[in-house]
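The values are calculated or read from the model by the stated rules, or taken from the named source; none is laboratory data. Computed from a predicted model, the values in this text were never measured in an experiment. Backbone-built Cβ (ideal geometry, glycine too); neighbour counts: all protein chains shown.
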Amino acid sequence: MALDGIAVAAVVKELNELLSGGRIARIGQPEKDEILLTVRTLQGQKRVLLSASASLPLIYLTDSNKPGPMTAPNFCMLLRKYIGSGKILRVWQPGLERIVHFEFEHYDELGDLRRKDLILELMGKYSNLIFCDEEGTILDAIKHIGSLTSSIREVLPGRKYFIPDTQHKDDPLHTTEEEFLSDVFSKPMPLAKALYSSYTGISPLIAEEVSSRASLDSAISAREIPDGARLHLYRIFQELMEDVKNGVFEPAIISDEEGMPVEFSAVELSIYKDLDSTRFSTMSELLEAYYAKKNAASRIRQKSSDLRRLVGTLLERESRKLDLQRKQQKDTQKREKYRLYGELLHTYGYSAEPGAKSVTVPNYYDNDAPLTIPLDPLLTAQENARRYFDRYSKQKRTFEALEEQIAQTQADVDQLDAIKTFLDQAQTEADLTEIHEELSSSGFVKKKGPEKGKGKGKVSKMPKSQPWHYRTEDGYDIYVGKNNLQNDELTFHFASGNDWWFHAKKIPGSHVIVKSHGTETLPDSVFEDAASLAAYYSRDRESDKVEIDYVKKKEVKKPNGSKPGFVIYYSNYSMVARPDISRLTLLEGEEKKKKS
């Protein structure tokens, strides 16, 4: 699945129709390689996201707003300076290149009318956002490319903007019959590859589709196609290009039998006629539906990398400490033997010969069975007894201290293991913030204070992370904690005594609360749904089955001084659940919860 030239053309058509004549109301840069433009139009306020991400470059209209940093980056400030209230003249695409131009009109500081060009290049790892003046001179770019990075083109302020012709492909919108026959059928390669390697904006998927519409095998060498079939292919290709020119698009996502996306396209795909197709009214809706979650997950994965590395290091360190403490505790197992030696020497030490290396005495704890006790020949029997008692006392103190230390270290390991699981499930920056807050409050990392002279009087606009809120087919509400702090909040402040509490057995995971709303019994399906959620939001979500404990919330207790998320319960039910939550509905825009 790729954002090819035809898909870009579909987005450009939508943007040009909706945004032309509109004025910029706000410019934000929520990510280092992403710009969010808010535009006032006759149809109301519109937002368009322009992402030059190397892993997932995107452009689409969206209703969602994304918070930006407290201090805007330089590129964002430059855009605000020139086009902060500018007018969008048009949005256009050169040929079928994966490039989108936004032409702006604005007044400069002298009151003269000027033009600017914001160019989004959607080219994988070479993606960029470039801001130019009316003469095509680069004013700035969201990514600076110097001569050491690229020998083809420098993207730096003061350089002239141009599109590098590195693949020597033709424009499919203006190709002639003669050019088509020459370009495609002269190549000694499979037909589909000959198509997409000859023309810009034609992806392998579209090449396969054109071949299928012409009833030709895309794997056959282009040179082996007979003359009549070549002309037929050209006409099919031209029909598709005419649809693109005329803005005739049919955005759709193709899914397999399990509902997983297989492909998406801006045009109808006959090659997937046997699979399910979900149609969208606009390409922006399709891209946001397909890529928004994937893009968010990718961003959060990048942003959580430091936390992951930190938690991994802490977990490894605490695990090594735990192993060492257990080994030290094992070394204290002889303490009772030393106590026994001391007692027996006090009782029978008189029988030891002076200078003897050992003495055999009856063991009154074992029916007076004879027991040989090693002695230091330089000490008396009583001095040897005191020595054994000293060893016993020292190892007893060590054992007791290690028991407490092992319990603490084990709690730290369990907490870090849970945090690692929650990091894998984090979906927003607010989720990461709460995880970092837990690490800070637990003493794993130092708390960050406000930087001197920065952000005085400013309050972060970061929204507070909320638990996941699901609703079953029977209408029951189920809440799932995203981290240990939320687990405590859900279980001990939100849930009522007769609500049901679920958790994966003896492994890290989320607390799951089913609101009973005063009902004594719940349908079996609700128990199954809640157990599936507890299995899915646990460390073992990739397993086929997970054992789940569940109990009334009033049976769940939190020991004083225990770690966040840690609870105890003495009576519970258990069941085995599959981590499949496909039939549950996740409620978006989670409303503020009220204790019921």
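Here are some notes:
- Positions within the stretch 41-86 being surrounded by 14 or more Cβ atoms within 10 Å (Cβ to Cβ), aliphatic (A, V, I, L, M) and over 19 Å from the mean Cα position of the chain (by Cα), in sequence order: 48, 49, 50, 59, 61, 72, 77, 78, 79, 83
- Of all the numbered requirements in (1) among the hydrophobic types (A, V, I, L, M, F, W, C); (2) closer than 24 Å to residue 280 by Cβ; (3) not in a helix (DSSP H, G or I), residue 244 misses one, and that requirement is (3).
- Matching residues in the stretch 329-343 - criterion: being assigned to a helix (DSSP H, G or I) and within 14 Å of residue 373 (Cα to Cα): 336, 337, 338, 339, 340, 341, 342, 343
- Residue in the stretch 117-135 that is in contact with a helix residue (DSSP H, G or I) (Cβ under 6 Å, 6 or more places away or on another chain) and either farther than 22 Å from residue 33 by Cα or in contact (Cβ under 8 Å) with a residue 12 or more places away in the chain (or both) present: no
- Residues that are of a type in the set (Ser, Thr, Tyr) and outside any strand (DSSP E or B), drawn from the stretch 115-174: 126, 127, 147, 149, 150, 151, 161, 166
- Residues located in the stretch 496-521, provided they are among the acidic types (Asp, Glu) and either modelled with pLDDT of 90 or more or touching a Cys at 6+ places or on another chain (Cβ under 9 Å) (or both): 499
- Residue ID - farthest from the chain's Cα centre (by Cα), chosen from residues in the stretch 155-168 that are surrounded by 12 or more Cβ atoms within 10 Å (Cβ to Cβ) and over 25 Å from residue 197 (Cα atoms): 159
- Qualifying residue in the stretch 313-328 (condition: of a type outside the set (S, T, N, Q), closer than 22 Å to residue 369 by Cα and out of contact with any Leu (no Cβ under 8 Å at 6 or more places or on another chain)): no
- Filter pass, residue 101 being surrounded by fewer than 15 Cβ atoms within 10 Å (Cβ to Cβ) and under 32 Å from the mean Cα position of the chain (by Cα): no
- Comparison of 279, 309 shows that the only residue that is surrounded by fewer than 14 Cβ atoms within 10 Å (Cβ to Cβ) and under 25 Å from residue 96 (Cα atoms) is 279.
- Yes/no for residue 234 being in contact with a Phe, Trp or Tyr (Cβ under 9 Å, 6 or more places away or on another chain), among the aromatic types (Phe, Trp, Tyr) and either surrounded by fewer than 16 Cβ atoms within 10 Å (Cβ to Cβ) or within 24 Å of residue 15 (Cβ to Cβ) (or both): no
- Screening 14, 31 for residues that are under 22 Å from residue 140 (Cα atoms) and of a type outside the set (A, V, I, L, M, F, W, C) leaves exactly one candidate, 31.
- For first residues located in the stretch 543-560 and outside any strand (DSSP E or B), partners that are surrounded by 18 or more Cβ atoms within 10 Å (Cβ to Cβ) and basic (Lys, Arg) and lie 6+ apart or on another chain with Cβ distances below 8 Å do not occur.
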